[in-house]
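Single-structure report; data block below.
Please treat every number below as a calculation from the coordinates, not as lab data. If you're wondering where the values come from, they're calculated on a predicted model, not measured in any experiment. Note that each Cβ is placed from the backbone with ideal geometry, even for glycine, and that neighbours are counted across all protein chains shown.
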Amino acid sequence: MSVQDILNLIEEKGIQMIDFKMVDINGQFRHVTIPAGNFSEDTLKSGIGFDASNYGYAVVEKSDMVFIPDPDTAVVDPFCQIPTLSMTGNAMIIDNPENRPLAQYPRNVVLAAEKYMKDCGIADTMMILPEFEFYLFDHVGWEVGPNSVSASVDAEQSYWNSAAEGMGNIVPKQKAYHIAKPFDRAYECRSEMCLHMKDAGIEINYHHPEVAASGQFEIEPQLGQMSKMADATMMIKYIVRNTALQYGKTATFMPKPIYGEAGSGMHVHMLLLKDGVPLFSDDNGYAHLSETAHYFMGGLLKHIASLCAITNPSTNSFKRLIPGFEAPVTVGYATSNRSAVIRIPAYAKSPEKRRFELRNPDATCNPYFCYAAILMAGLDGIRNKIDPHANGWGPYDVNLYTLPEEEKAKLKGLPTSLPEALDALEADHDYLTAGGVFPKELLDNIIRTKRAECAEMAKIPHPAEFEKYYNL
């Protein structure tokens, strides 16, 4: 879109404010708003000033940066009472005579990864499809203090309300998958979410209740080009949270908010194209996947431990990655097998849709860093011809959860904690810094701040510790 297109949209929709949404290092939106009458061609050239250090970026340069809006991301914000046009964009370092991209800024990282892919000559497009699992609660509350540490959630349809709920519309524990009305109490809320997403240019495949009885759901968009899907991921989370609020609910993408119920992941499906031709399809390959696809999987599996520091960046992430809840725990690949970290969907039969999914990521990640890191690991696998079968990573066409213990002992597992994943990232990151895609100072900053976060969490007594140890 041109400046004139934006000005026409402002007039057509009666826009009074323009909201610029920036992304901090953790993958959360921050924003600054200007009156619509202040928008001009100079806004796209000079940008909006902000302090990058307050966004978590440990920049070598002075922290004063400018945000340059991308007019192609313009969308009317449905959650503002005053007509508001929303845009995202890129962060730039103030240089004379021209500004240059802040290499640590998430959107610039994902664009650099796409450029690196093209420069390698391997492919020109990565298509991804993230699945968004989340909980909708009717109540949430927590307290962390010197004399009280607690958290509580409630979902009206949950099994724990069977004695209090007056109409009997209760969902049994772990039995909510695709359950229909009247038990599916969030149907209209999710449908409205999807309509908002369509208005924002995000096409949706479907939405449905997920396994957990206590308000877990999924929305799946259609395959999209990687950097655009990173923008879409931010917008999907924004829409989910704000629509939930309008329905008197609260939404969370926290990977494991409820003990004993299924966790929420963000499985990422992926495929590569070159000149419009799918590179992952081969009728003669295992699961109809090409050698290129297998090498890409090999790169992911080789680097999976360090990837977890970026794709699963919370201490809560590793409470989800445990056996028994359809979450992956094993470093390997297979067809239609949810116990391996890479699953090849058997239903993707046509050449242009043949792909695989990485099942460990969750939506506490910064999506720009997550998708870029996945691409960089896969490209490393292709460039170095890392064969997953030759490395003993599968295919595992058995239920890995039910193997005898002596067989399980032979399998390599995912990291079991965030500190373990950070150790792996510290030791294995050259594939990320290749081509300058992930600046070393960005990775150092992530490792440093996440280690401090882990140390802080480790100091806080947990309520379950009282049950275990109070009377010893």
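Numbers at a glance
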read-out: DSSP H segments from the chain that extend 20 Å or more along their own axis, Cα-based, with Kyte-Doolittle mean of -1.0 or above; value: 106-120, 226-246, 367-383, 440-458
read-out: Where the Cα pairs of the stretch 1-52 fall when distances are cut into 5 Å bins, in %; value: 5, 16, 26, 24, 15, 10, 3, 0
read-out: Shape parameters for the stretch 344-456, alpha-carbon atoms, Rg then Dmax in Å; value: 16.8, 49
read-out: Euclidean distance of C-alpha centroids, the stretch 55-95 and the stretch 201-247, integer Å; value: 22 Å
read-out: Antiparallel bridges, percent of DSSP beta bridges restricted to the stretch 132-264 (to nearest 5); value: 95 percent
read-out: Stokes-Einstein D for the chain, Kirkwood Rh over Cα pairs, 10 °C, 1.306 mPa s (µm²/s); value: 67 µm²/s
read-out: Stokes-Einstein translational diffusion, the stretch 132-264 - Kirkwood Rh over all Cα pairs, 1.002 mPa s, 20 °C, in µm²/s; value: 138 µm²/s
read-out: Cα-centred dipole magnitude for the stretch 72-203, charges only on beta-carbon of K, R (+1) and D, E (-1), debye, nearest 20; value: 240 debye
read-out: Sorted peptide list for 139-147, 450-458, criterion being average Cβ within 10 angstrom, highest first; value: 450-458, 139-147
read-out: Highest to lowest packing among 31-41, 424-434, scored as the average C-beta count within 10 Å; value: 424-434, 31-41
read-out: Which listed pairs, of Lys173/Lys198; Lys274/Lys349; Lys198/Lys385; Lys21/Lys412, have C-alpha distances above 29 Å, in listed order; value: Lys173/Lys198; Lys198/Lys385; Lys21/Lys412
read-out: Packing-based order for 212-222, 2-12, using average beta carbon neighbours within 10 Å, highest first; value: 212-222, 2-12
read-out: Electrostatic dipole magnitude of the stretch 216-298 [Cβ: Lys, Arg +1; Asp, Glu -1; Cα centre; debye, to 20]; value: 540 debye
read-out: Cysteines not pairable in the chain (beta carbon separation under 4.7 Å absent); value: Cys80, Cys120, Cys189, Cys194, Cys308, Cys454
read-out: Within the chain, percent of DSSP bridges classed antiparallel, to nearest 5; value: 85 percent
read-out: Alpha-carbon Debye profile of the stretch 235-308, log10 I(q)/I(0) at 0.11, 0.12, 0.17 Å⁻¹; value: -0.54, -0.62, -0.86
read-out: Order of Met87, Met376, Met117, Met297 under a 10 Å beta carbon neighbour criterion, fewest first; value: Met87, Met117, Met376, Met297
read-out: Computed P(r) (all Cα pairs; the stretch 3-102; 10 Å bins; percent); value: 15, 47, 28, 9, 0
